[in-house]
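Here the structure comes first, spelled out in structure tokens, and everything after it is commentary.
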Amino acid sequence: MLYKLLLKLKQSVFLNFISLYKNRVIEDGGTLVNSTTLDNLVSTNESLIMVPSGYKAAKLYSVLPEDGSGDLTVTRNTEATYIDENGSIQISPFDTPRFDFSDNLIEPVLLTEPSSINLFFGSAILLTQNVTVTANEYTVSFYGLGTINFTGVYTGSLVGTGINDLVSLTFTPIAGSLICTVIGDVTNGQIELGDYASSRIITLGTSMLRAAEIISGAGDVNTFNTQEGVIYLKVKLPQTLISKNMTINIGDASNRITLEWMIDGGFRAWVRFNNEGLYVQSIAYDFYSNYSEIAFIWDNLSKIMELYIDGVSLGTKSFTAEPTTNFNDLSFNILESYNFYGKIKELKVYKSILEAEINLPYLI
Amino acid sequence: MVQIIFNYNGDLQALKDAYILEFGKSFLITYSIPEMIEGTYLTIVKNADDFDTYNDYMDTNGICEVISGWTENGNKYAAKKDKNKFEKTKYKKYLKDIQTWDPVKEEMIITKATGNENVLGLSGWINRNINL
């Protein structure tokens, strides 16, 4: 009974945090998006919480800290598209975070993508055309019930399955002219380098570029505890292969906690103090089929780190180096490189391992 | 912001790697332009003058020719150096021949670019003014 009362009290205290957050977003001129993840938050143990629910140009709001010091800066030098809660394609202006509903129409996720070029012209309603390609991997994708037949430097076809269904085909042609013969209704057509269909890039008379997102600059020395903590991430990658290692970092180049997705499909979580880096590694993990929960612990008092994915420990590692600076930044990259691209549902940072264990009991 | 189109006859990737080693920060993000010949790139800089430093660096290991720059509303940027000003002949020099598939005749028709063709667009930016 007493426990239930305390839980209810705690929930009501936290609901105030949610209300404060929502007020802050509105007063700052931001936009709020409905999020059940946000509404179901019941904890204030975290020093930083980002749930995709509030944004404006160049800013991705964090629920905690309350003072806004955990808000992230977003840059993207072009417009980009996303799928809204009605399943429609919407345009996101320059530098604006994208909350995407393409996985389901219930809960938004933060979508960050690398740059991409759609080589089709007139993508809205695609007509027969040829595209000059190199001997690299390309993905063609579209909505509709029509078909694209490929001849020239590649032979094959891609058949549509519905006006709201995105179909895609990945292949490697030889260099030259790819003839794409369109039969029937093919809408929002796209041909781009890479092994997956990225968000729609709307073209007219020429090819069109969507620039990459760069997200950085959350927190200060009060947000993070260099001596111990936990970073928690609920994440999914849209592609089975990445072209360059991707990272999410707390700290600077010399002293940092790093989550790193590697080109070979592996995943590592690092503690790097005074330029000495050690990590716990997963040889290969499927971040593509479902959302995965990553929790990484660093404990400078016990000199040990531990990585959990989906509630299972992937191992511990001891380290000896001492930090020479305190963490004061969380960014989706390191030194403006190795940007993270994927989909994020939740990002949380704890300054105390004990506090994290309350919310993530599998850490005990 | 300004988008700059330039051609570089050196090894851009090698140059980028060397730049990170030398200065500890990334070089310009560049995009190959599908409608232009190999070695022709588009980049985006905050201020047009920002590009000059990179231009000088490229010139240490090759030749960088700036075709021109444009702002988000499609206007040509006010180039300080004459060599960076837009000229139709310079622009046309880097355009590929245009290949168009004729589905009736089932053959490829190849025509020379006139210089009036716009190339790789930037989503949300107004089309570049490529008239003199």
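Miscellaneous remarks
- Flag: B:Thr89 does not match the condition of being within 11 Å of chain A (Cβ to nearest Cβ) and among the hydroxyl-bearing types (Ser, Thr, Tyr).
- In this entry, A:Glu213 passes the filter for residues that are within 15 Å of the chain's Cα centre (by Cα) and among the charged types (D, E, K, R).
- Selected residue (criterion: farthest from A:Thr187 (Cα to Cα)) from residues of the range A:43-90 that are within 17 Å of the chain's Cα centre (by Cα) and within 14 Å of another protein chain (Cβ to nearest Cβ): A:Ala58
- A:Thr81 being assigned to a loop (DSSP other than H, G, I, E, B) and β-branched (Val, Ile, Thr): no
- Candidates A:Thr181, A:Thr206 - the one that is buried (at least 17 other Cβ atoms within 10 Å of the Cβ), of a type in the set (Val, Ile, Thr), out of contact with any Gly (no Cβ under 9 Å at 6 or more places or on another chain) and within 11 Å of chain B (Cβ to nearest Cβ): A:Thr181
- The set of residues in the range A:96-114 being in a loop (DSSP other than H, G, I, E, B), within 13 Å of chain B (Cβ to nearest Cβ) and closer than 23 Å to A:Ile242 by Cα consists of A:Glu113, A:Pro114.
Residues are listed down the side, and each one gets a yes or a no for (1) surrounded by 14 or more Cβ atoms within 10 Å (Cβ to Cβ); (2) modelled with pLDDT under 95; (3) touching a Lys or Arg at 6+ places or on another chain (Cβ under 9 Å):
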site	(1), (2), (3)
B:Asn84	yes, yes, no
B:Gly115	yes, yes, yes
B:Gly121	yes, no, yes
B:Ile130	yes, yes, yes
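- Complete set of residues in the range B:98-120 that are facing another protein chain (nearest Cβ under 7 Å), farther than 18 Å from A:Ser207 by Cβ and assigned to a loop (DSSP other than H, G, I, E, B): B:Pro103
- When the residues of the range A:124-146 are filtered to those that are more than 14 Å from chain B (Cβ to nearest Cβ) and assigned to a strand (DSSP E or B), the one that is nearest to A:Gly184 (Cα to Cα) is A:Gly144.
- Residue in the range A:266-273 that is farther than 24 Å from A:Thr112 by Cα, assigned by TED's automatic domain parsing to the domain that holds A:Asn359, in contact with a helix residue (DSSP H, G or I) (Cβ under 8 Å, 6 or more places away or on another chain) and assigned to a strand (DSSP E or B) present: no
- Sole exception among (1) more than 28 Å from A:Ser116 (Cβ to Cβ); (2) modelled with pLDDT of 95 or more for A:Asn249, by number: (1)
- Among residues of the range B:2-46 being of a type in the set (S, T, N, Q) and outside any helix (DSSP H, G or I), the one that is modelled with the lowest pLDDT is B:Ser26.
- Qualifying residue in the range A:237-253 (condition: outside any loop (DSSP other than H, G, I, E, B) and in contact with a helix residue (DSSP H, G or I) (Cβ under 7 Å, 6 or more places away or on another chain)): no
- When the range A:126-164 is filtered for residues that are over 19 Å from B:Ile110 (Cβ atoms) and in contact (Cβ under 8 Å) with a residue 60 or more places away in the chain, the ones remaining, listed by number, are A:Leu126, A:Asn164.
- Only one of the listed residues (A:Ser141, A:Ser102) is modelled with pLDDT under 95, within 30 Å of A:Asn34 (Cβ to Cβ) and touching a strand residue (DSSP E or B) at 6+ places or on another chain (Cβ under 6 Å). That residue is A:Ser102.
- Taken together, the residues in the range A:170-225 that are part of a strand (DSSP E or B) and among the aliphatic types (A, V, I, L, M) amount to 11.
- Only residues that are part of a loop (DSSP other than H, G, I, E, B) and either touching a Pro at 6+ places or on another chain (Cβ under 9 Å) or within 22 Å of A:Ile215 (Cβ to Cβ) (or both) were counted across the range A:327-357, and they come to 12.
The values are calculated or read from the model by the stated rules, or taken from the named source; none is laboratory data. This one's a predicted model, so the numbers in the text were calculated from it and none came from an experiment. Cβ: placed from backbone, ideal geometry, glycine included. Neighbour counts: every protein chain shown.
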